[in-house]
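Here the structure is laid out as structure tokens; the discussion comes afterwards.
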Amino acid sequence: MALTGLQIQKLLPKTNCKECGVNTCLAFAMKLAARKAEIGDCPYASEEAIAVLSEAYEPPVKAIQLGPDSALKLGGETVLYRHEKTFVNQTLLAINVNDTDDPAVVEDTLGAVKDYTVERVGEIIDIDMVAVSHRGSSIDTFVDLAMKAWCEVGKPLVLRSHDPAALKAAAVAVAGSLSVLATATPDTVDGLVEVAKEYEHALALTAPDLNALVTAAGRLREEGFNNLILQFETHSLAERFQTNSIARRTAIKANYKPLGFPFLRFIDGGDLVANTVEAVTEITKFGGICVLPRFDAAQIAALITLRLNIFTDPQKPIQVEPKIYPIGEPDADSPVFVTTNFSLTYFIVGGEIENSGLSAWLVVPECEGMSVLTAWAAGKFSGAAVAKFCKEAGLEEKVNRREIIIPGYAAQISGDLEENLPGWTVLVGPQEASDLESFIKARLSQDLR
Ligand code: SF4
């Protein structure tokens, strides 16, 4: 339960030494209560204060770190719905390979995972993990495949076996990868916890039913082992949807610690549509790691796009850097367009100009990531503001042509812009970016190409 400022103050040294950057311990306590400071900012905080505050302010879902340099994170969530605040760590996507697969299939899959990248709204996104499944009888074959996947792809693994000895051998072989050992049961968990601790891997835990799972997870938590991921035994899509929802709701709303861990889900077999639906359920319903049975570039692109929508902070519009962007290979005589720095707007406008075959300059002033109409209504896309940005960004030195094309939705700023950019002519472009190509063909002369 969150502590008040006065409760926190009682835990502080009360010397008002100011080394934390504020004048009094009480003021610092108020900042801690508002989560605007960290207890580590006070060099004199006692171990008790650190322990109490860490416990009080830890997220209801444990944060787990995977991969070299702990670069991949899952869990750490504090809200049930993204509109309440934001989801902080997206569902990680993994592609499965089996130790019984044809070597050519393994090569193709690992190569595809390694090489796959997709760009979405300016972000380069790749596949997060590889899952290595022990389907055959040989531990050595499983371990060899785990090492091959780790060495060739360099991403953390989900090591999947029912045999604790196989998991231990693979855990040792890929030590340093900070992978996931999957999956311990109440019968095997004690031995595997020791392996996970020694080789710094996370451990996935399952049980035949939810009661047995929370009993085992609760015990591990009390014993101080938190590098845990839960894998639910479910038998239908509806049950998976319900179980994920109930478990996350219980962890966050009731602060029920045994369910306060990320979830792991293996999607085995099924046709492409069926397992895409399964993956969509995981991404939209609190999945931590979702293992896909095979690599399919179209499926991955769709899932990544969905994931971006779910895990983008709704309070922070996705923005591009305010600057003058070249579209194609513009020169000093190329036309100049202007739009806002909302990523979606920028990429759509830039894409439409590019599709027209025209090289141009795209002026993108700071508009706090708002779309054209919103920025104009909020006073962020006024003629004066656009003119000021053009001058500061050196537009006049970049181009000879004194003509600037503004979005049709902001036609109202044309007079103001001409006034603030003496010597320039303002052309009003179309309202919709999809009409840019025909606008360019109809209005701009061939000598611009
Ligand atoms: Fe108080 Fe610690 Fe801040 Fe000093 S550094 S004023 S002891 S909270």
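Do we have residue 69 as free of Cβ contacts under 8 Å to residues at least 40 places away in the same chain, open to solvent by 20 Å² or more (accessible area, probe 1.4 Å), charged (D, E, K, R) and part of a helix (DSSP H, G or I) here?
Details: free of Cβ contacts under 8 Å to residues at least 40 places away in the same chain: yes; open to solvent by 20 Å² or more (accessible area, probe 1.4 Å): yes; charged (D, E, K, R): yes; part of a helix (DSSP H, G or I): yes.
So residue 69 fits the description; yes.
Screening residue 224 on (1) at positive phi; (2) outside any loop (DSSP other than H, G, I, E, B) shows it passes everything except condition (2).
The set of residues in the stretch 1-15 being more than 9 Å from the ligand (Cβ to nearest atom) and either part of a loop (DSSP other than H, G, I, E, B) or touching a strand residue (DSSP E or B) at 6+ places or on another chain (Cβ under 9 Å) (or both) consists of 1, 2, 3, 4. In the stretch 387-411, the residues that are on the phi > 0 side of the Ramachandran plot reach residues that are of a type outside the set (Phe, Trp, Tyr) with C-beta atoms within less than 9 angstrom, at least six apart or across chains, in these pairs: 394/324. Just so you know, in the stretch 159-195 the residues that are open to solvent by less than 10 Å² (accessible area, probe 1.4 Å) and hydroxyl-bearing (Ser, Thr, Tyr) include one that is farthest from residue 230 (Cα to Cα), and it is 177. Listed by first and then second residue, the pairs linking a residue in the stretch 16-35 that is near the ligand (Cβ under 6 Å from one of its atoms) to a residue that is among the hydroxyl-bearing types (Ser, Thr, Tyr) and open to solvent by 60 Å² or more (accessible area, probe 1.4 Å), with Cβ atoms under 8 Å apart and 6 or more places separating them unless they lie on different chains, are 17/44; 19/44; 25/15. So, in the stretch 119-131, of the ones that are touching a residue at least 24 places away in the same chain (Cβ under 8 Å) and open to solvent by 20 Å² or more (accessible area, probe 1.4 Å), which residue ends up nearest to the chain's Cα centre (by Cα)? Restricting to residues being touching a residue at least 24 places away in the same chain (Cβ under 8 Å) and open to solvent by 20 Å² or more (accessible area, probe 1.4 Å), the top hit is 123. Does residue 77 meet the test of being without any contact (Cβ under 8 Å) to a residue 24 or more places away in the chain, more than 16 Å from the ligand (Cβ to nearest atom) and open to solvent by less than 50 Å² (accessible area, probe 1.4 Å)? The answer is no for residue 77. The residues of the stretch 41-52 that are in a helix (DSSP H, G or I) and open to solvent by less than 40 Å² (accessible area, probe 1.4 Å) amount to a single one, 49.
Of all residues in the stretch 319-344, those satisfying the criterion of being modelled with pLDDT under 90 and buried (at least 18 other Cβ atoms within 10 Å of the Cβ) are 319, 320, 343.
Among the residues of the stretch 412-447, those identified as surrounded by 19 or more Cβ atoms within 10 Å (Cβ to Cβ) and either free of Cβ contacts under 8 Å to residues at least 12 places away in the same chain or assigned to a helix (DSSP H, G or I) (or both) are 413, 417, 433, 436, 439, 440. Among the residues that make up the stretch 67-74, is at least one of them modelled with pLDDT under 90 and within 20 Å of residue 315 (Cβ to Cβ)? Checked against the condition, which is being modelled with pLDDT under 90 and within 20 Å of residue 315 (Cβ to Cβ), the stretch 67-74 yields no hits at all. Give the stretch 40-54 a look and list any residue that's within 9 Å of the ligand (Cβ to nearest atom) and touching a helix residue (DSSP H, G or I) at 6+ places or on another chain (Cβ under 8 Å), or say none. Correct list: 41, 42, 45.
On the given criteria, is residue 55 assigned to a helix (DSSP H, G or I) and either on the phi > 0 side of the Ramachandran plot or modelled with pLDDT under 95 (or both)? Walk me through how you get there before you give the answer.
Numbers: assigned to a helix (DSSP H, G or I): yes; either on the phi > 0 side of the Ramachandran plot or modelled with pLDDT under 95 (or both): yes.
Yes, satisfied.
Based on what the data block shows, is residue 38 open to solvent by 90 Å² or more (accessible area, probe 1.4 Å) and at pLDDT below 85?
On the way: open to solvent by 90 Å² or more (accessible area, probe 1.4 Å): yes; at pLDDT below 85: yes.
Yes, satisfied.
Identify the residue in the stretch 208-259 that is more than 22 Å from residue 84 (Cβ to Cβ) and of a type in the set (D, E, K, R) and, among all such residues, is most open to solvent (accessible area, probe 1.4 Å). It would help to see each step written out before you state the result.
Step one: filter the stretch 208-259 for residues more than 22 Å from residue 84 (Cβ to Cβ), giving 208-240, 258.
This time we only want the ones that are of a type in the set (D, E, K, R), so: 209, 219, 221-223, 233, 239-240.
Numbers: 209: 77, 219: 83, 221: 40, 222: 165, 223: 115, 233: 87, 239: 62, 240: 28 Å².
Going through the qualifying residues, I end up with 222.
Does residue 63 satisfy the condition of being open to solvent by 50 Å² or more (accessible area, probe 1.4 Å), away from the ligand (no atom under 16 Å from the Cβ), modelled with pLDDT under 90 and closer than 25 Å to residue 258 by Cβ?
Numbers: open to solvent by 50 Å² or more (accessible area, probe 1.4 Å): yes; away from the ligand (no atom under 16 Å from the Cβ): yes; modelled with pLDDT under 90: no; closer than 25 Å to residue 258 by Cβ: yes.
When the stated conditions are applied, residue 63 does not pass them.
Among the residues of the stretch 389-411, are any closer than 17 Å to residue 334 by Cα, part of a helix (DSSP H, G or I), in contact with a Phe, Trp or Tyr (Cβ under 7 Å, 6 or more places away or on another chain) and open to solvent by 30 Å² or more (accessible area, probe 1.4 Å)? Checked against the condition, which is being closer than 17 Å to residue 334 by Cα, part of a helix (DSSP H, G or I), in contact with a Phe, Trp or Tyr (Cβ under 7 Å, 6 or more places away or on another chain) and open to solvent by 30 Å² or more (accessible area, probe 1.4 Å), the stretch 389-411 yields at least one hit.
Going through the stretch 274-284 one residue at a time, which ones are of a type outside the set (Gly, Ala, Ser) and either surrounded by fewer than 19 Cβ atoms within 10 Å (Cβ to Cβ) or without any contact (Cβ under 8 Å) to a residue 12 or more places away in the chain (or both)? Can you show your working first?
In the first step, residues of the stretch 274-284 are kept if they are of a type outside the set (Gly, Ala, Ser); the result is 275-278, 280-284.
Residues satisfying the conditions are 277, 280, 284.
Cβ-Cβ contacts under 6 Å between residues 6 or more apart (or on different chains), taken from a first residue in the stretch 3-14 that is at positive phi to a second residue that is of a type in the set (D, E, K, R) and within 14 Å of the ligand (Cβ to nearest atom), are absent.
Checking 233, 222 one by one, the residue that is more than 23 Å from the chain's Cα centre (by Cα) and within 24 Å of residue 58 (Cα to Cα) is 222 and no other. For the residues 347, 295, the requirement of being in a helix (DSSP H, G or I) and either open to solvent by 30 Å² or more (accessible area, probe 1.4 Å) or of a type in the set (Ser, Thr, Tyr) (or both) singles out 347.
The values are calculated or read from the model by the stated rules, or taken from the named source; none is laboratory data. Computed from a predicted structure; not experimentally measured. Quick reminder, even Gly has a Cβ in these numbers, built from the backbone with ideal geometry, and neighbours come from all protein chains shown. Accessible surface is based on the protein model in full, side chains and every heavy atom, while ligands, DNA and RNA are left aside. Shrake-Rupley method; radii C 1.70, N 1.55, O 1.52, S 1.80 Å.
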